[in-house]
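Everything on this sheet refers to the single structure shown next.
The values are calculated or read from the model by the stated rules, or taken from the named source; none is laboratory data. Since the structure is predicted, the reported quantities are computational estimates derived from the model, not experimental observations. When we count neighbours, we look across all protein chains shown, and the Cβ atoms used for this are built from the backbone with ideal geometry, even at glycine. Note: areas computed on protein heavy atoms with side chains; ligands, DNA, RNA excluded. Shrake-Rupley method; radii C 1.70, N 1.55, O 1.52, S 1.80 Å.
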Amino acid sequence: MTLYFLNFVLLIIGLYALVVKRHIVKKILGVAIMEYAVNLFLILLGFRKSGIAPILTEDMDLATFIHTAVDPLPQALVLTSIVIGLGTLALMVAMAIRLYERYGTFDMDEINRLRG
Amino acid sequence: MNTLLPLFTAIPICSAVLILIIGKFDKKNFPRIWSLLTSLSLLFILVVVWDKGTIIHEMGGWKPPFGVVLVKDNLSRMMLLIVNVVAFLTIIYSYVYIVKFEDYLRFFTLFLFMLAGMNGVVLTGDLFNLFVFLEIASIASYALVGYGVDAEELEASFKYLILGALASVFILFGIGMIYSITGSVNMADVARFIVENNLGGNNALLMATGLFIVGFGLKAGLVPFHAWLPDAHSSAPAPISVMLSGVLIKVLGIYSLIRIFYSVIGITPVVSYIFITMGVISMLVGAFMGFGQDDMKRMFAFSSISQMGYIAVGIGIGTPLAIIGALFHLLNHAGFKSLLFLSSGAIQTSTGTRNLSELGGLRKKMPVTSATSVIGALSIAGVPPFNGFWSKLIIILAAFSAGYFWLGAILVFTAFLTLAYYLRFQKNVIFGEPTSLLKNVREAPFMMVMPMVVFAVFCLLIGIFNGWIISNIIIPAQGIITNQLGYISSVLGI
């Protein structure tokens with residue numbers, strides 16, 4: 001339970017950076033922290049203390065395997081999610097560089113030619 | 001038959017990669033013609049699978065709930081129809097419109113990735129797969145919104161990107177929550193687990209519900225999550241505005257909400273109430289903000305928020321009649337809002353401006369565009385016999401018959417507001433006298449006018465043959481939504 005709580009705190013830190021900070025790079029870091037928090041949450045769902053890799057070998061008993069192996073599905077999901085996060089991050093950084101070229105600033109409050 | 005389903009995502013992705021490779025040698029014609037052929041082939045496959053009932057495809061031969069399944073039922077076939085028809089006509093329109101950007105390669109590559117993502121979202125029967133396709137469509141659309149790389153476009157794109165990434169995080173968190181309770185990410189299997197164990201009031205499920213409402217609400221642009229929508233819609237190139245407003249917010253937002261809350265989690269009174277509240281606020285905020293806009297595309301964007309509100313109210317009321325109205329309005333909105341955004345693109349290409357105060361008297365200079373814009377405006381304002389009238393009428397009748405009298409009154413009031421600001425659009429743009437700047441304006445090229453005429457004919461025909469459309473397309477889709485157990489048994493085969 002403590003692990004889940006700390007995980008949630010990590011998510012809130014990311015959300016705080018995204019909402020409150022004005023610097024574009026800090027906002028990007030906020031998104032990255034939130035993505036990592038969610039990935040960590042998925043991994044925690046399949047986590048088991050002193051668990052073994054979920055590979056069934058011939059000399060292994062099925063019952064002990066079920067009771068000691070970690071859940072492999074969240075790990076597969078997280079791999080996909082990390083790749084997606086990388087794509088989003090790359091696009092965000094590219095946008096930040098282009099925005100800096102156009103506006104000459106990283107401050108989101110000065111980048112306000114459109115009325116929200 | 002069922003092996004045709006993966007083609008809806010495989011063909012656009014393969015075409016996109018092919019365009020990237022061969023487009024290096026033939027930069028101009030190959031991307032345009034090949035993406036047109038791709039879209040045409042998708043329409044052809046849709047015709048083949050159209051009336052074959054529910055089709056399940058198990059990816060890689062793994063049975064559900066272990067493998068990923070693609071499900072084509074009557075709801076997804078309706079969404080596939082909307083997505084692929086709008087995409088086809090938009091590609092025809094882009095044929096000339098995109099000339100001014102001088103970069104065909106990346107535009108059509110990203111466009112096809114977005115199309116693949118949306119087809120995937122509609123077809124998939126797996127929550128995590130839905131997230132993956134949603135991200136494919138979203139990331140392509142972030143890049144396309146900022147396609148012009150001007151200051152305003154990049155700013156809009158970055159705002160959209162930040163809020164979109166936030167939405168994705170929330171959706172993935174919600175999927176993780178669902179997995180922690182049910183131990184499955186297959187939609188039908190999750191639904192079976194929730195129904196069998198009667199998990200309606202489970203705390204983790206409530207948290208997942210909240211996360212999904214925020215996540216998909218952000219994608220759908222419902223108030224209070226609408227901040228990105230007017231910027232992104234007005235800054236994007238016209239074909240992309242059409243795809244965003246005509247299909248993307250519906251597929252990624254409304255369709256996903258319907259599928260998850262009706263077919264998977266199960267609708268509860270609290271969720272219905274949230275939908276109705278968000279819908280009412282969206283309707284009113286969108287309509288009032290629409291009045292104050294000088295930029296034509298911003299006005300259309302706010303009107304999109306307002307019309308999304310109608311759909312959300314219909315889903316929230318939840319009676320079969322209300323859902324028929326919501327789905328019919330979804331179909332109609334794809335038609336007339338695509339038409340209006342295409343018209344705004346044509347007007348901007350011909351006159352060089354899209355500010356209402358600088359335009360006027362286009363009736364004589366651009367007769368076809370004027371005629372189609374008037375049809376679009378009358379349709380969205382709900383003037384009979386155009387299609388918008390019938391779907392709004394059904395939603396209003398459903399609200400009254402379900403006992404929501406105040407809600408019906410607000411729906412009628414918003415319909416009049418919509419009429420008012422579209423009359424303002426007509427008065428300032430189509431009628432009146434041309435300003436001195438517009439002396440040498442000419443009609444838009446044929447390839448841009450043709451899709452607009454097709455959309456206008458759709459608006460009129462759907463309005464006239466509304467009974468046929470409702471009984472053949474809408475009511476089968478509504479049958480899928482209100483029959484949760486039927487969805488479970490048809491996918492899992494039990």
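On the basis of being farther than 20 Å from B:VAL368 by Cα, touching a Ser or Thr at 6+ places or on another chain (Cβ under 6 Å), modelled with pLDDT under 95 and open to solvent by less than 10 Å² (accessible area, probe 1.4 Å), does B:ALA346 make the cut? Reasoning before the result, please.
On the way: farther than 20 Å from B:VAL368 by Cα: no; touching a Ser or Thr at 6+ places or on another chain (Cβ under 6 Å): yes; modelled with pLDDT under 95: yes; open to solvent by less than 10 Å² (accessible area, probe 1.4 Å): yes.
Here the answer is no, as B:ALA346 does not meet what is asked.
Of the residues A:ALA32, A:ALA69, A:ALA37, only one is without any contact (Cβ under 8 Å) to a residue 40 or more places away in the chain, open to solvent by less than 50 Å² (accessible area, probe 1.4 Å) and either of a type in the set (Asp, Glu) or in contact with a helix residue (DSSP H, G or I) (Cβ under 8 Å, 6 or more places away or on another chain) (or both); which?
Numbers: A:ALA32 fails: without any contact (Cβ under 8 Å) to a residue 40 or more places away in the chain; A:ALA69 fails: either of a type in the set (Asp, Glu) or in contact with a helix residue (DSSP H, G or I) (Cβ under 8 Å, 6 or more places away or on another chain) (or both).
Testing whether each residue is without any contact (Cβ under 8 Å) to a residue 40 or more places away in the chain, open to solvent by less than 50 Å² (accessible area, probe 1.4 Å) and either of a type in the set (Asp, Glu) or in contact with a helix residue (DSSP H, G or I) (Cβ under 8 Å, 6 or more places away or on another chain) (or both) leaves just A:ALA37.
What number of residues in segment A:72-84 are free of Cβ contacts under 8 Å to residues at least 12 places away in the same chain and among the polar types (S, T, N, Q)? Spell out how you get there, then give the answer.
At the first step, the residues of segment A:72-84 found to be free of Cβ contacts under 8 Å to residues at least 12 places away in the same chain are A:76, A:79-80, A:83-84.
With the extra rule that they be among the polar types (S, T, N, Q), the set shrinks to A:80.
Total satisfying the criteria: 1.
Please state which one of B:SER141, B:SER180 is of a type in the set (Ser, Thr, Tyr) and at the interface with chain A (Cβ under 10 Å from one of its Cβ atoms). So that I can check it myself, show each step before the final result.
Details: B:SER141 fails: at the interface with chain A (Cβ under 10 Å from one of its Cβ atoms).
When all the criteria are applied, what remains is B:SER180.
Would you mind stating whether B:PHE128 is more than 18 Å from A:ALA96 (Cβ to Cβ), touching a residue at least 60 places away in the same chain (Cβ under 8 Å) and assigned to a helix (DSSP H, G or I)?
Details: more than 18 Å from A:ALA96 (Cβ to Cβ): yes; touching a residue at least 60 places away in the same chain (Cβ under 8 Å): no; assigned to a helix (DSSP H, G or I): yes.
For B:PHE128, the condition - more than 18 Å from A:ALA96 (Cβ to Cβ), touching a residue at least 60 places away in the same chain (Cβ under 8 Å) and assigned to a helix (DSSP H, G or I) - is not met.
Scan segment A:58-97 residue by residue and report those that are in a loop (DSSP other than H, G, I, E, B) and more than 11 Å from chain B (Cβ to nearest Cβ). Outline the logic, then answer.
Step one: of segment A:58-97, the residues in a loop (DSSP other than H, G, I, E, B) are A:58-61, A:70-71.
Of everything in segment A:58-97, those that are in a loop (DSSP other than H, G, I, E, B) and more than 11 Å from chain B (Cβ to nearest Cβ) turn out to be A:GLU58, A:ASP59, A:MET60, A:ASP61, A:VAL70.
With the structure loaded, tell me whether A:ILE52 is more than 11 Å from chain B (Cβ to nearest Cβ), touching a Gly at 6+ places or on another chain (Cβ under 9 Å) and open to solvent by 50 Å² or more (accessible area, probe 1.4 Å) or whether it fails that test.
No; evaluated as a whole, the condition is false for this residue.
Checking B:PRO224 against (1) assigned to a helix (DSSP H, G or I); (2) within 23 Å of the chain's Cα centre (by Cα); (3) away from every other protein chain (no Cβ under 11 Å); (4) surrounded by fewer than 24 Cβ atoms within 10 Å (Cβ to Cβ), only one condition comes out false. Which one?
(1)
Matching residues to (1) modelled with pLDDT of 95 or more; (2) hydrophobic (A, V, I, L, M, F, W, C); (3) more than 26 Å from B:VAL132 (Cα to Cα); (4) under 18 Å from the mean Cα position of the chain (by Cα):
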position: B:ASP231; (1), (2), (3), (4): no, no, no, yes
position: B:SER234; (1), (2), (3), (4): no, no, yes, yes
position: B:ALA238; (1), (2), (3), (4): no, yes, yes, yes
position: B:SER245; (1), (2), (3), (4): no, no, no, yes
position: B:VAL264; (1), (2), (3), (4): no, yes, no, no
position: B:THR268; (1), (2), (3), (4): no, no, yes, no
position: B:MET289; (1), (2), (3), (4): no, yes, yes, no
position: B:ASP294; (1), (2), (3), (4): no, no, yes, no
position: B:LYS297; (1), (2), (3), (4): no, no, yes, yes
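Kindly indicate which of B:THR349, B:THR353 is β-branched (Val, Ile, Thr) and assigned to a helix (DSSP H, G or I).
On inspection, the qualifying residue turns out to be B:THR349.
Only one of (1) at pLDDT below 85; (2) under 14 Å from B:ALA151 (Cα atoms); (3) open to solvent by 70 Å² or more (accessible area, probe 1.4 Å) fails for A:GLU58. Which number is that?
If we test A:GLU58 against (1) at pLDDT below 85; (2) under 14 Å from B:ALA151 (Cα atoms); (3) open to solvent by 70 Å² or more (accessible area, probe 1.4 Å), just (2) comes out false.
Could you pull out the residue among B:GLU135, B:GLU58 that is of a type in the set (Asp, Glu), within 14 Å of chain A (Cβ to nearest Cβ) and closer than 30 Å to B:THR209 by Cα?
Details: B:GLU58 fails: within 14 Å of chain A (Cβ to nearest Cβ).
Residue meeting the stated conditions: B:GLU135.
Taking segment A:1-22 as the region of interest, how many residues are touching a Phe, Trp or Tyr at 6+ places or on another chain (Cβ under 9 Å) and under 13 Å from B:ILE162 (Cα atoms)? Working first, answer last.
Initially, segment A:1-22 is screened for residues touching a Phe, Trp or Tyr at 6+ places or on another chain (Cβ under 9 Å), giving A:3-4, A:7-8, A:10-11, A:14, A:22.
Imposing the further condition that a residue be under 13 Å from B:ILE162 (Cα atoms) reduces the set to A:14, A:22.
Residues flagged as touching a Phe, Trp or Tyr at 6+ places or on another chain (Cβ under 9 Å) and under 13 Å from B:ILE162 (Cα atoms) within segment A:1-22 amount to 2.
Do the conditions hold for B:MET278, that is, is it closer than 17 Å to B:HIS226 by Cα, touching a Phe, Trp or Tyr at 6+ places or on another chain (Cβ under 8 Å) and among the hydrophobic types (A, V, I, L, M, F, W, C)? Can you show your working first?
On the way: closer than 17 Å to B:HIS226 by Cα: yes; touching a Phe, Trp or Tyr at 6+ places or on another chain (Cβ under 8 Å): no; among the hydrophobic types (A, V, I, L, M, F, W, C): yes.
No: the conditions fail for B:MET278.
Could you check segment B:356-397 and list, in sequence order, the residues that are outside any helix (DSSP H, G or I) and open to solvent by less than 30 Å² (accessible area, probe 1.4 Å)? Walk me through how you get there before you give the answer.
Applying the first criterion (outside any helix (DSSP H, G or I)) to segment B:356-397 yields B:359-361, B:366, B:382-386.
Residues satisfying the conditions are B:LEU359, B:GLY360, B:GLY361, B:MET366, B:GLY382, B:PHE386.
Select from segment B:144-177 the residues that are outside any helix (DSSP H, G or I) and more than 9 Å from chain A (Cβ to nearest Cβ) and list them in ascending order.
Initially, segment B:144-177 is screened for residues outside any helix (DSSP H, G or I), giving B:146-150.
If the condition is that a residue be outside any helix (DSSP H, G or I) and more than 9 Å from chain A (Cβ to nearest Cβ), then B:TYR147, B:GLY148 are the ones that fit.
Anything in segment B:425-444 that is surrounded by 16 or more Cβ atoms within 10 Å (Cβ to Cβ) and touching a residue at least 60 places away in the same chain (Cβ under 8 Å)? List them, or say none. Even if it seems obvious, please write down each step before you answer.
Of segment B:425-444, the ones surrounded by 16 or more Cβ atoms within 10 Å (Cβ to Cβ) are B:425-426, B:428-430, B:434, B:438, B:441, B:443-444.
Those that are surrounded by 16 or more Cβ atoms within 10 Å (Cβ to Cβ) and touching a residue at least 60 places away in the same chain (Cβ under 8 Å): B:PHE425, B:ASN428, B:VAL429, B:ILE430, B:PRO434, B:LEU438, B:VAL441, B:GLU443, B:ALA444.
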